[in-house]
Amino acid sequence: MTRLRCLIVDDEPLARAGIRLLLEADPDLAIIAECGDGRSAVELIKIHRPDLVILDIQMPEMSGIDVIRAIGTAERPAVVFVTAFEQFAVEAFEIDVVDYVLKPFRDERLHDAVARAKRDLSGQATDRPPYLERLVVKTGDHAYLVRVAEIDWIEAADYCARIHAGPRRHVVRESMMSLERRLDPTHFFRTHRSAIVNLDRISRIGPLPNGDQGVVLADGTNLKLSRSRRAALESKLGARK
């Protein structure tokens, strides 16, 4: 495979150095340049025509979003935003970026984003089912990006659904049935009409304190499990070992 040509853009030298260190360990990538402001980024993209750009949003001269708009669709590389500001997520995905990584991030989070860019660039992404990878949750004037992999479980809330992701709770105006169809079934399971659970969060299956059959999550959350669904859940968990 020809190595993908990558440009790093961030106004913080330490941030650029950290990203470079992570990406240089990837044999599929070649770092061709780096810079610290938006105008330089536009020039470098037009000169070098990189395959992938790791791009900050809040920078001198031009924002990362302005950079993408300035280069136009025809010259646009795959873009992964890496930023400390979550409020630009909706606008970012409206211009069709690959991923939106929030600082501070774990090494694995950036590697996941780069892997997604590789799949998109190789054309493999079109062969995969279009399961959700992220949710944009709007609350008043704010919008929050929730990565599906960070979701612990989802509960029914009238005609909406409540997302439990670590300490955060978000309500989305979407039915449980709709979410169930859009979530990857190798990672999520409908334990009951009122709950969908991330399989990676399940600690055990068995009786709950109230006597119902259920699942216990790693954080101690108890969720009801329909008796008719227990065999299917055990099969899924067994297949993941």
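Per-structure values
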quantity	calculated
Accessible area (Å², 1.4 Å probe, nearest 10) - residue 139	70
Heavy-atom SASA rank of 81, 189 (probe 1.4 Å, accessible area, largest first)	189, 81
Counting DSSP beta bridges with both ends in the chain, the antiparallel % (nearest 5)	65
Solvent accessible area, Å² - residue 43, 1.4 Å probe, full protein context	120
For residue 48, solvent-accessible area (1.4 Å; no DNA, RNA or ligand), Å²	60
Rounded, prolate or oblate (a/c below 1.5 giving rounded, otherwise prolate when a/b exceeds b/c) for region 21-86 by Cα gyration tensor	oblate
Unit charges on C-beta of K, R, D, E only; dipole of region 59-101, Debye	80
On Cα atoms only, tilt of 38-48 relative to the major axis of the chain in degrees	80
Global size of region 82-241 as Cα Rg and Dmax, reported in angstrom	16.8, 51
Among 54, 122, 73 the positive-end extreme of the charge dipole of the chain (Cβ point charges)	122
Residue-averaged 222 nm ellipticity for the chain, from DSSP H runs of 4+ at -39500 (n - 2.57), nearest 500	-9000 deg cm²/dmol
Neighbourhood charge, 10 Å Cβ-Cβ cut-off, centred on residue 26 and excluding it, Lys, Arg +1 and Asp, Glu -1	0
Estimated inter-spin distance, residue 235 and residue 3, nm [label 7 Å along Cα→Cβ]	4.7
At q = 0.11, 0.19, 0.21 Å⁻¹, base-10 log of I(q)/I(0) for region 1-158 (Debye sum, equal scatterers on each alpha carbon)	-0.43, -1.28, -1.55
Backbone N under 15 Å from the residue 75 label point (7 Å along Cα→Cβ), restricted to region 45-59	45-53
Largest to smallest accessible area among 131, 159, 100 [probe 1.4 Å]	159, 131, 100
Size of charge dipole - region 1-42 - debye, nearest 20, with Cβ of Lys, Arg +1 and Asp, Glu -1, no other charges	180
Simple Cβ-charge dipole of the chain, Lys/Arg +1 and Asp/Glu -1, about Cα centre, in debye nearest 20	1300
Gyration tensor (alpha-carbon) shape descriptor, region 1-58, a/c threshold 1.5	oblate
Angle between the chain longest axis and helix 227-239 axis [Cα atoms, degrees, rounded to 10]	40
23 Å Cα-Cα reach of residue 138 towards lysines, excluding residues that sit fewer than 8 places from it in its own chain	103
Point-to-point label distance, residue 193-residue 169, nm (Cα→Cβ direction, 7 Å offset)	2.3
Computed lengthening from residue 47 to residue 11, 0.36 nm per intervening residue step minus Cα-Cα distance	11.0 nm
Between region 203-234 and region 58-88, the alpha-carbon center distance in angstrom	44
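The values are calculated or read from the model by the stated rules, or taken from the named source; none is laboratory data. A quick note: this is a predicted structure, and the numbers were derived from the prediction, not measured. Glycine gets a Cβ as well: all are built from the backbone with ideal geometry, and neighbour counts include every protein chain shown. The protein model used for the area step is the full one, side chains on, heavy atoms only, and it has no ligands, DNA or RNA in it. Shrake-Rupley method; radii C 1.70, N 1.55, O 1.52, S 1.80 Å.
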